[in-house]
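In what follows, a structure is listed as structure tokens, so that the remarks can point back to it.
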Amino acid sequence: MRTLLAQSEIMESHRYCGRVQDAYSLRCIPQVHGATRDALAWVRSVLEREVNAVTDNPSVFLRDDGGADVVSGGNFHGQPLALALDLAAIALAELANISERRVEQLVNPALSTGLTPFLAPASGLHSGFMIAQVASASLVSENKVLCHPASVDSIPSSAGREDHVSMGSVSARKLQQVVTNVRHALAIEILTAAAGLDQRAPLAPSRGVAASHACVRGCVAPLLEDRPLYGDIARIAGLIESGDLVKAAESAAGAITAGV
């Protein structure tokens, strides 16, 4: 955060703005995002261990005399992955959860300290990013359903022989949708943040933020009047998925992804 915000004229202009405290969605970014990073680091360690593990059944161990021991075990059980993937979904969903609250900070004139209602250039005539915030709220709500852990369920099969299963395949399938939803929710925040930066001119953001803003404006034009936003959201989601947005920030501000 310090690297990204270094030498920001916008941040400096708010030094004596009279606010005692910012909303949690702003001042707790390191704590919330950091908890997600910690969780995903553990998930990665589980995935790396399992992908390099023996998960066949039975396991065959060759003996020095040329024979073999055949051992029926339980290394095939997907519980390690099921728990990890359920946690990944929960951890990622929180990024969208807190992101949507920051979008509210940007589009709500009671909270945005001088930005136009819904960031519309002509409030009352245009709705700006009002529906974008609604879309973000919808994605967050869908994630809450998808984040119910599949690993807490088990249905016996195979005549009771397979009497406890992980349901990890369901965890993986749900996680895929959560990742897509989070990516689009973050894209909405980036779109609204870019519009907010446009309105803060001539005050300049930090170098890293300015580079990211230029990257956004390279594929999405400013919102001068209402238009369908799904294409804009998809293009920014593409920047997130490719890593180009982070690369743009790091090209100007230096490394910001250490430890990921």
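Using alpha-carbon pairs under 8 Å, 6+ residues apart, how would you state the relative contact order of the chain in percent?
24
Are there any trypsin sites (Lys or Arg not before Pro) in region 44-77 that are in a DSSP loop and have at most 13 other Cβ atoms within 10 Å? List them by number.
Hits after loop and neighbour filter: Arg63.
With runs of 4+ DSSP H residues as the only contributors, calculate the mean residue ellipticity of the chain at 222 nm using -39,500 (n - 2.57) per run, divided by the residue total and rounded to the nearest 500.
It comes out at -18500 deg cm²/dmol, rounded to the nearest 500.
Quick test of the membrane-span-like rule: which DSSP H helices of the chain reach at least 20 Å along their long axis (C-alpha atoms) with mean Kyte hydropathy at least -0.5?
29-51, 79-107, 130-146, 168-200
With every protein chain left in place, what is the accessible area per residue of region 1-156 in square angstrom, probe 1.4 Å?
Ligands and nucleic acids excluded, the result is 61 Å² per residue.
Looking at the chain as a GNM with Cα springs under 10 Å, which of Ser206, Ser138, Ser123 has the largest mean-square fluctuation?
Ser123
Leaving out ligands, DNA and RNA, and with a 1.4 Å probe, what % of the accessible surface on the chain is carbon or sulfur?
That fraction is 58 percent.
Considering only C-alpha atoms, what is the centroid distance from region 83-120 to region 121-186, in Å?
16
Count neighbours as other Cβ atoms within 10 Å of each site's Cβ, and list the trypsin sites (Lys or Arg not before Pro) in region 115-223 that are DSSP loop with at most 10 such neighbours.
Arg161
The values are calculated or read from the model by the stated rules, or taken from the named source; none is laboratory data. The shown structure was predicted, so the numbers you read here are calculated from the model rather than taken from an experiment. Counting neighbours? That spans all protein chains shown, and the Cβs are built from the backbone with ideal geometry, glycine included. The area values use the complete protein model at the heavy-atom level, side chains included, leaving out ligands, DNA and RNA. Shrake-Rupley method; radii C 1.70, N 1.55, O 1.52, S 1.80 Å.
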